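These notes concern the structure reproduced below.
The values are calculated or read from the model by the stated rules, or taken from the named source; none is laboratory data. Bear in mind the structure is a predicted one, so any value in this text is a computation, not a measurement. With ideal geometry, Cβ positions are generated from the backbone for all residues, glycine too; neighbour counts draw on all protein chains shown.
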C-alpha cells in the first residue's frame with residue numbers, strides 16, 4: 001500500500017473516525033481541530049494531533065499541512081469556514097482536497113471554489129442502508145459510481161450445479177465475476193470456468209444496481 005500524508009481538518013465524530021482509520025491503515029495523518037478535547041481524543045493513535053484553526057493559513061503551515069498529499073475538511077457546520085479552508089489548502093498547493101458537506105446545494109458551491117471531491121456522509125449512509133434493508137441477501141462492498149458496484153451475492157437456484165462457463169454471467173447478466181468462495185472459506189480469485197456452483201457458494205462481482213434488483217427482486 002502506498003503511504004501518503006493525510007491532513008484531517010475537524011475532529012468531530014466523522015473526522016476523528018476518519019483520522020483514526022487512516023492511522024490504523026499505516027498512513028501518515030495530521031489531525032487538526034480548534035477544540036483541544038477533540039485533539040486529545042485522537043492523540044494516542046496520531047502523533048501529529050494539533051490544536052489549530054484551519055481558517056488561519058499560518059496555523060496550517062505551522063502544522064505542516066502544506067506537505068499533505070490529501071486534505072479532508074471533515075466538518076460541515078459553517079459553510080464560510082469550509083470555503084476558507086478550501087482556499088487556504090489551494091494556497092498551500094495541497095494536491096487533492098476532499099470536503100464534507102451537509103447538502104447538495106452546498107456541494108455545488110464547494111466544487112466551484114476548489115474542492116476536488118465533496119462527500120455527503122448522511123446521504124451516502126442513508127442510500128447504503130436503504131439498499132441493504134431492501135436487499136438483505138446482497139452485500140454491497142464498494143460503490144464504483146455510474147450505478148456500478150462491487151457486491152457479493154448468493155447463488156440462485158437456477159445456477160446450482162452449473163459451471164461459470166455455462167452460466168456466462170457477463171453475456172447473460174452483464175456481471176463480471178471476480179471471485180468466489182465456498183461457505184466460510186476465503187475468496188478464490190483465480191477462477192476455473194468449469195467450476196460448478198453449489199448451494200453455499202457466494203459470488204463477488206462488478207454489477208449494476210438495476211441488475212441486482214432484477215435478479216433478486218422479491
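Would you mind finding the one in 202, 184 that is under 26 Å from the mean Cα position of the chain (by Cα), closer than 14 Å to residue 161 by Cα and not in a helix (DSSP H, G or I)? Show your work before the answer.
On the way: 184 fails: closer than 14 Å to residue 161 by Cα.
None of the other options fit; the residue is 202.
Which residue out of 172, 135, 161, 139 is at pLDDT below 85 and surrounded by fewer than 16 Cβ atoms within 10 Å (Cβ to Cβ)?
Sole residue among the options that is at pLDDT below 85 and surrounded by fewer than 16 Cβ atoms within 10 Å (Cβ to Cβ): 139.
Please count how many residues of segment 187-199 are within 19 Å of residue 157 (Cα to Cα) and assigned to a strand (DSSP E or B). Write out each step before concluding.
Our first condition is that a residue be within 19 Å of residue 157 (Cα to Cα); within segment 187-199, this holds for 193-199.
Now drop any that are not assigned to a strand (DSSP E or B), which leaves 196.
The total comes to 1.
Return the pairs, sorted by first residue and then second, in which the second residue is assigned to a helix (DSSP H, G or I) and buried (at least 18 other Cβ atoms within 10 Å of the Cβ), the first residue lies in segment 78-95 and is modelled with pLDDT under 95, the beta carbons are less than 6 Å apart, and the residues are 6+ apart or on different chains.
79/106
Name the single residue that is farthest from residue 79 (Cα to Cα) among those in segment 104-119 being assigned to a loop (DSSP other than H, G, I, E, B) and within 20 Å of the chain's Cα centre (by Cα).
If we filter segment 104-119 for residues that are assigned to a loop (DSSP other than H, G, I, E, B), which is where we start, we get 113-116.
Those still in the list that are within 20 Å of the chain's Cα centre (by Cα) too: 115-116.
Numbers: 115: 13, 116: 16 Å.
Here the residue is 116.
Which one is farthest from residue 96 (Cα to Cα), of the residues in segment 65-83 that are in contact with a strand residue (DSSP E or B) (Cβ under 6 Å, 6 or more places away or on another chain) and not in a helix (DSSP H, G or I)?
So, considering only residues that are in contact with a strand residue (DSSP E or B) (Cβ under 6 Å, 6 or more places away or on another chain) and not in a helix (DSSP H, G or I), the one farthest from residue 96 (Cα to Cα) is 76.
Of 50, 86, 98, which residue is within 21 Å of the chain's Cα centre (by Cα) and part of a strand (DSSP E or B)? Working first, answer last.
On the way: 50 fails: within 21 Å of the chain's Cα centre (by Cα); 86 fails: part of a strand (DSSP E or B).
Residue meeting the stated conditions: 98.
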